[in-house]
1. Once each part is reduced to its C-alpha centroid, what is the distance from the range 55-86 to the range 161-213 in angstrom?
2. Suppose every K and R has +1 on its Cβ and every D and E has -1 on its Cβ; what is the size of the dipole of the chain about the Cα centre, in Debye to the nearest 20?
3. Semi-axes of the equivalent ellipsoid of the chain: what are they in whole Å, largest first, if each equals the square root of 5 times a C-alpha gyration tensor eigenvalue?
4. Using the Karplus curve 6.51 cos²θ - 1.76 cosθ + 1.60 with θ = phi - 60°, what ³J(HN,Hα) values do you get for each residue of the range 54-64, in whole Hz, with x for Gly and Pro?
5. What list of ³J(HN,Hα) couplings, whole Hz, do you get for the range 343-348 from phi and the Karplus terms 6.51, -1.76, 1.60, once you set θ to phi - 60° and write x for glycine and proline?
6. Under 5 Å between amide hydrogens, which residues at least 5 positions from S358 or on another chain qualify, with H placed 1.01 Å from N in the peptide plane?
7. Taking only the C-alpha atoms, wrap a convex hull around the range 8-227 and report its volume per residue in Å³ as a whole number.
8. Identify the trypsin sites (Lys or Arg not before Pro) of the range 333-376 meeting these criteria: DSSP loop state and at most 15 other C-beta atoms within 10 Å of the C-beta.
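Every read-out reported here was derived from the displayed coordinates using simple, explicitly stated rules and does not represent laboratory data. The shown structure was predicted, so the numbers you read here are calculated from the model rather than taken from an experiment. When we count neighbours, we look across all protein chains shown, and the Cβ atoms used for this are built from the backbone with ideal geometry, even at glycine.
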Amino acid sequence: MTDVTPSTAVVLVAAGSGTRLGERMPKAFVRLGDRTILEHAVDRVLGMTDPVQLIVVVPAQELARARELVERRTGRVRELATVIAGGSSRQASVAAGLAALGPTVRTVLVHDAARALTPSEQLDAVARAAATASVVPGLPVTDTIKRIAEDVVLETVDRSELLAVQTPQGFPRDVLVDAYASAQEEYTDDAAVVAAAGHDVHGVPGDPLAFKITTPWDLQRAERLVAGPPASSLRTGIGVDVHAFSPDVPLWLGGLHWPDEPGLAGHSDGDAIAHAICDAVLSAAGLGDIGSRFGTADPGYAGARGEVFLRETVRLVTGAGYSIVSVAVQVVSQRPKLSKRRAEVEAVLEGIVGAPVSVAGTTTDGLGFPGRGEGLTAIASALVERLPGR
């Protein structure tokens, strides 16, 4: 049992047939992504900041199905939810919902389930405003509006005075209940019922996501919004390689030989730039790292040039369904001076990788092993893209 005594209720009207949607079932039970339209609407109510009494009004023949859906969505707060049968019109359905209000409710929101993607924040905003006044949310009218008789244009209507009305519409409980009790005709929305009873209704900002799902086009739009943006086919990876300087071997760096410079000690040629690129590209494609692919235990790679590792890495990544989009490398070292051969290094690497490669260098102001001239660090980042259909 819950000890919550909500002061706000949401009457969620889901009793329409939805014939314009072209489905063979009431609109509220049409699938929208992995849930029904009704379930999406219920979820938005459950996302409100403060607990509310939820009254769901559905066609009488759908009571059992609606109760099952609502119970599943409300879970541990199911005691705050009620599912009742609607009437022969929207107004009759809302009246049925008002008859089910709990004793502690002071503010009532009337909401169309067909506006299933209305954000919870919009429901909260209307609830706050409705605590002291009758309010209707809406969006400014942006189209030019003409008044016509048959097919003749009579005048242009001042659109600054117009509001495209949405739900939920919010009211103090007593105002709404009394207005419904005195209604003598059918109105198109609850604000009209309240206004006909002599009460002021105030406009508040609406939300573009509160559009009504009425036609197949609306449903298609809602499905796209629920699905979200397509998953990106791009992936990134980072690679780092460190080698100590050794005067006993030649320096190979970025695929080039650097005469008159101490080399980099290692099982292969110690080309830290090439090795860092391999790690970054393999990481981006989810293929491990250079150590797991080209281990130092393999004598076949003893003294191998960086180009060997790069070409094999490109082959592995392509075979896994990816193409390399770009690579960037930062070298941290006192020597060699990359600026003199940067363009040459980039051209060689681009020819092997098959994608743009940028190389930059920096120092550590004498700090650490690079600053002491003991070794060199290369840091690479890679962007790869999954090939279509892979």
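1. If we compute the Cα centre of each part, the gap is 24 Å.
2. That gives a dipole near 620 debye.
3. 68, 23, 21
4. Here the 3J(HN,Hα) series is 10, 10, 9, 10, 10, x, 4, 6, 10, 4, 4 Hz.
5. Result, ordered by residue: 4, 5, 4, 4, 5, 5 Hz.
6. Long-range HN contacts for S358: V327, A328, V329.
7. Hull volume over Cα atoms, normalised by residue count, gives 141 Å³.
8. Here the trypsin sites (Lys or Arg not before Pro) that fit, given the DSSP loop and packing criteria, are K337, R372.
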